[in-house]
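Report on one structure; see the data block that follows.
No value in this document is a laboratory result; all are computed from the given coordinates. Since we're looking at a predicted model, the values are computed, not measured. When we count neighbours, we look across all protein chains shown, and the Cβ atoms used for this are built from the backbone with ideal geometry, even at glycine.
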Amino acid sequence: MQLATARVLIGMVIAWNLQAALAFILSPGAYAPGFELSGIPGTAAVQGTALLFIMWNIPYLVACWHPRRHIVSLVEALVMQTIGLIGESALLLSIPVEHASLRASITRFIIFDATSLLALAIALGLARASQKAHQART
């Protein structure tokens, strides 16, 4: 039960990341203005971000496959998510209030990363509990 719940939580984060990546790849023009970008540079920047979303999912996928056996990948994912949340929060503080759409875009990333961090932290707790229970049985 613990591993299944951990997989669901990790899977939700993977799905959110891939959904965002797909949206950014298919409709970059819809998202570029939120970063105060336009034209070819805006398209390239948004689609480049989508590629990063896909790349960042590798440890999440490994952890989801078997959270107890691949707990290191789960810890890596949690650290990556923490770095994202801290970095985006610092970035938001550096952007003047006059850039409302940019601040709103970054705020959405902060909310996304905070929610994902919580899900991954719970998944890690469940994986560790499962690991301890497994070690006690063997």
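List of remarks:
- Summed side-chain charge close to Ala114 - residues other than Ala114 whose Cβ falls under 15 Å, Lys, Arg +1, Asp, Glu -1: -1
- Net charge over other residues, Cβ less than 15 angstrom from the Cβ of His70 (K, R count +1; D, E count -1): +3
- Each of the peptides 2-10, 127-135 was scored by the mean count of other Cβ atoms within 10 Å over its residues; in descending order, highest first, they stand as 2-10, 127-135.
- Using a Gaussian network model of the chain in which every pair of alpha carbons under 10 angstrom is joined by a spring, one finds that among Leu61, Leu124, Leu37 the greatest mean-square fluctuation is at Leu37.
- Choice from Ser116, Ser73, Ser89 with maximal GNM fluctuation in the chain (Cα, 10 Å cutoff): Ser89
- Net dipole in debye of the stretch 2-137 [+1 Lys, Arg Cβ; -1 Asp, Glu Cβ; about Cα centre; nearest 20]: 760
- Translational D in µm²/s for the stretch 2-137 (Stokes-Einstein at 4 °C, 1.567 mPa s, Kirkwood Rh from C-alpha pairs): 82
- Cα lying deepest toward the dipole's positive end in the chain, options Ile71, Gly87, Ala100, charges on Cβ: Ile71
- For the chain, the longest principal axis of the Cα atoms and the long axis of helix 100-137 meet at an angle of about 10 degrees.
- With Cα atoms, 0 to 90° folded angle of helix 71-94 axis to the chain main axis: 30
- Seen from Gln81, the other residues with C-beta closer than 14 Å to its C-beta sum to a net charge of -3, counting Lys and Arg as +1 and Asp and Glu as -1.
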